[in-house]
Each structure stands twice: as structure tokens, then as C-alpha cells.
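Asker: First, the structure itself, so that you have it in front of you.
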Amino acid sequence: PPQAAVPSRSTLLASPRSIGPLNIMRVTMAAVAAAAASLTSCAAAFAPVPPSAVRARSAAPSSVVASASNFRLSSALDSTEEEAEIALNPLVASVKMSKTVEIFGEVKRLQGEGIDVTSLCVGEPDFPPPRAVLDAAVAAVGGGDTRYTAVTGTAALREAIASDLERRKGVAYDPATEIVVGNGAKQCVYQGVLATAGPGDSVIVPAPYWPSYPEMAALTGARSVVLQTREEDGYLITPAALRECLERNDDARLLILCNPSNPTGGVHSRERLEELARVLEDFPRVAILADEIYERLVYPDDDDDNGDGDGDFHASFASIPSMYGRTMTVNGFSKAYAMTGLRLGYLAAPRRLAKAVTTIQSQLTSCAGSISQAAGVAALRDVEDAELNANVEIMRGKRDYVLERLGSMPGVKLAVPPKGAFYVLPDLSAHCGEDDAELCMELLNTKRLALVPGSSFGAPGTVRISYATSMEELGVAMDKLQQFLEERK
């Protein structure tokens, strides 16, 4: 239809009743166009727009007008988003992304592009969960066991956990009040940290450490204090080093003790744990979070024992009488039972600590999955020790193979062989100094081999190798690493 004459802005302002919807739209479009064309002059952007200019723009092809309008609308929205940027909690800025997760994500990206990558960066067993565990999960689904459970877990699972801890580790807990089942051991670790440390407190984190420990402390507002260990000591904590650290940090409220260790594979003997306990007796305000997720994956020598004569190499820190009342023991089902995707772990502690953890979990995730819990009951009640021990011997063979291969590579140092978990932390500083991140990136780019830089574990100049994969994959990985190092000589 014929375009009606559009009155000038001054006419509109003088005669409010003459403003119709169509005229408002035309005048607005013209004003925005003039502003975009004259950004160097703010006054010109708001100058009156002649009716002829509006009529000319109205006569332009509709596609052009639509395109220009969409551009202006998008620009306006972008500007609004920038101006209305949502503020983030300052704690987020203090937390680093997990380097293991970051590298694993890069591996998956390359594999998604069809690039073959050998990865030894994730701590996940290559064997499946025991048949009894899988059958229990299927039965739980078929039987309708899909409802919420108590926040702390089903009574059946808590009773099975309590029975297992007393039978194998010699520690007794009330399943009704002293065991909290969570969505993986990682959640239980964080809740233990949050329950005992906060702003103004410090958390003692022995290095090398699992990268999540200091970040969890940061999320609580506490300060991480790194307790350095030495390679020649097998990266184990010494009583003298612990005492010195505690004396220098009178605000310490928590010691994190990962035994066996991720990333070193080191195992503190009962004798060493008792020596550490005697130091801690002089610092009664310090709680202990004993992360024992790898406790079933240990490889003792013939003369190794935990000191009680039953041949079990690993000792639970809570089994030391003076430490029971201040220790939170964390364990789970991901490593020994290969139930990584089922996300099931637990924390066992005296009632007061367990209640604090329960309160936190009740406001975070509530209960763990009911199907996973049913599978956990089967893991503890129906899986024979012999089946788990067979997997341990397979892991021992993989460890021995990796150690043998590393021993033949130039510039690789490993002072003390690991006796637990499924990791090796060799020193490659002869090839990279302390820039292990650059070495790992070069290794990924040139050989398509993914390892995790030791600096992310507080051990610069090293790399973490996970041997929880097939022997075939380990062979390929060791060949790639050896070729890479020989080329750098």
C-alpha cells in the first residue's frame, strides 16, 4: 500500500495523539540507523530525522530492511549481555580445572576426529565389575528398586560396609550413625574437608597429591599447606617433616592422608603410620581424612606386613587406637571393583563427624543411586576375595612390566618402586627440567601418547603413568615413550 508521510520527531512530540504504532516503528528504525552511521558524533546520532529519509528507507526491499534490523537487534542484545554480566563467586577463580580431566578431554576430542591416541592418563581399571555386581544391578532395576533411599544410604549397604571394615581392617563403626554413603569417594572426600575446615583454617596436603585435594580446600575457603615429601623416601611422609609442618601452621585443622597414594603408588606401612600418629597426638585439634580408595590394590614384597601378623600389607589409619576418634576413612567401589561409572563411595567416622557430613550431603545430593547401592551390597557380600586378588595379581604384572620398560629408557629415574594403586611417577627431569607440561604436550602431539604432567600433582619434572589398561595398550605406550625419549637424547 502507499506509504503515508511520516511526520518529523518535533511534530510528533508536539502532537502526542498523532503517534500511531506504524509511525513509532518507522521513526525508531530511522533513529537507530542514524546512530549506527554516526558513532563519532553523539549529537548527530540523536538529531531529528527528516521524513524523506524515513520514506526512502521504508521503500527499500524488505529483505534488506530485515537484515539490517536483525543486525541491529543482535548488536543490541550483545551489548545488553555484556552490561548485565553475572558476577561469579570469587571462590571459582581460586579453583583450577583438573589437569587429568583436561587432558582426557583433549584425548577424546582427537579420537572423535579419527586420530588414534594411546592414553595412560585416567585411573580406571580395564576389567569389568564382578558378575555378582552386574547381576545385582540388573535385579534392582527389574525389581523396581529405583526409589530414594535414606541420605546416608540403605541399611543393607551400611551394614555390609561396617562388616567389611571390621573383618578386614579391624575398625568398628555403627552402621546406623557412623557410615555415610555418597556418590563416589570424591564426594565423600569433599564433604569431609568441608565438615572440618573453613576460612581461617589450613589443610595439610602431602605432595605429590591428587590434584583435587587443594582445590577442595579452596572451595571451603581454607588454605592448603603443601607438605613436601622426597623421592628417595618413596614419597612417604616422615614423622619429622609432619611435625615441622604442623609446628609452622598452628591453624591446621585437617591432614589428608592418601594411602596408597595417587599419584605415586606409595604405601605407608603400619609402623610408619604409628610414627605419624605419635606426632599427631601432640596436635589434638587436627583431624585426619584417610583416603583409602586403593587399599585393596597393594603389591607387598614377601617380607612386607602391616604389623599385626595377618599378612595384610595395608593398615587403616583409624585402626590405630589414638587416631580412631579423629579420623574420617574414605573408601569406595571404583578401583577394586571397577564400578567407576556407578559412582559409589562412603565415609566412616565417629558419630559427630559422620553427622556433620550427613548434614552437608542432605543439602547437596541427598542419597546415592539406589541401583548403585544394591550393586555395592553384592560387591561386599557376594564377591569372593579370591576374585579380587586375581585382579590384583594382574595389576602387579602390569606394574612390573612398566617398571622394567622404564628401567631401560634413557634419563628416566624411579628411586622407589610403587607398592600400591596403579600408578607410576617416574622422574623425567633429565629431559624437561621442571617443564613437564610442555613435554607431555609434545608427547601427545608427536607420538599421540597421553600422560599427565607431574606438576599438576605437585611434582614438577615427573609424569604420571596409569597402568590400569590392557597389556597390549601398555606395550604400545611404552614403545612410544621410549622412542620419544631416545629421539631427545
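Asker: Are any residues in segment 372-403 closer than 26 Å to Ala349 by Cβ and open to solvent by less than 70 Å² (accessible area, probe 1.4 Å), and if so, which ones?
Answerer: Scanning segment 372-403 gives Ser372, Gln373, Ala374, Ala375, Gly376, Val377, Ala378, Ala379, Leu380, Val383, Asp385, Leu388.
Asker: Quick one: which of Ala430, Ala468, Ala421 is without any contact (Cβ under 8 Å) to a residue 24 or more places away in the chain and in contact with a Gly (Cβ under 9 Å, 6 or more places away or on another chain)?
Answerer: Result of the check over Ala430, Ala468, Ala421: Ala430.
Asker: Next question. Given the structure, is Ala160 under 29 Å from the mean Cα position of the chain (by Cα) and touching a residue at least 40 places away in the same chain (Cβ under 8 Å)?
Answerer: yes
A quick yes/no check of all residues on (1) touching a helix residue (DSSP H, G or I) at 6+ places or on another chain (Cβ under 7 Å); (2) farther than 21 Å from Tyr173 by Cβ; (3) surrounded by fewer than 23 Cβ atoms within 10 Å (Cβ to Cβ):
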position	(1), (2), (3)
Gly332	yes, no, no
Ala338	no, yes, yes
Pro350	yes, no, yes
Ser362	no, no, yes
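Asker: So is Met441 open to solvent by 40 Å² or more (accessible area, probe 1.4 Å), in a helix (DSSP H, G or I) and either without any contact (Cβ under 8 Å) to a residue 60 or more places away in the chain or under 30 Å from Ala139 (Cβ atoms) (or both) or not?
Answerer: When the stated conditions are applied, Met441 passes them.
Asker: Name the single residue that is least open to solvent (accessible area, probe 1.4 Å) among those in segment 404-416 being within 16 Å of Thr264 (Cβ to Cβ) and touching an Asp or Glu at 6+ places or on another chain (Cβ under 8 Å).
Answerer: The residue in question is Val412.
Asker: Pick from Ala390, Ala430, Ala450, Ala415: which is among the small types (Gly, Ala, Ser) and within 25 Å of the chain's Cα centre (by Cα)?
Answerer: Only one candidate qualifies: Ala450.
Asker: I would also like to ask the following. Regarding Arg296, is this residue buried (at least 17 other Cβ atoms within 10 Å of the Cβ) and among the charged types (D, E, K, R)?
Answerer: yes
Asker: Where in segment 80-161 are there helices (runs of 4 or more DSSP H), lying wholly inside it, with at least 1 residues that are modelled with pLDDT under 90, loosely packed, with under 14 Cβ neighbours inside 10 Å and not polar (S, T, N, Q)?
Answerer: The helices (runs of 4 or more DSSP H) meeting that bar are 90-93, 99-112.
Asker: Scan the helices (runs of 4 or more DSSP H) fully inside segment 354-435 and keep the ones with 1 or more residues being touching a strand residue (DSSP E or B) at 6+ places or on another chain (Cβ under 6 Å) and modelled with pLDDT of 95 or more.
Answerer: Helices (runs of 4 or more DSSP H) meeting the threshold: 385-407.
Asker: Right, another one. Could you check, for segment 205-215, whether at least one of its residues is under 20 Å from Val357 (Cβ atoms), in contact with a strand residue (DSSP E or B) (Cβ under 8 Å, 6 or more places away or on another chain) and of a type in the set (Asp, Glu)?
Answerer: Within segment 205-215 (the criterion being under 20 Å from Val357 (Cβ atoms), in contact with a strand residue (DSSP E or B) (Cβ under 8 Å, 6 or more places away or on another chain) and of a type in the set (Asp, Glu)), the answer is no, since none of the residues qualifies.
The values are calculated or read from the model by the stated rules, or taken from the named source; none is laboratory data. Note that this is a predicted model, so its numbers are computed, not measured. Ideal geometry is used to build each Cβ from the backbone, glycine not excepted, and the neighbour counts take in all protein chains shown. Quick note on the areas: whole protein, heavy atoms, side chains included, nothing else; ligands and nucleic acids left out. Shrake-Rupley method; radii C 1.70, N 1.55, O 1.52, S 1.80 Å.
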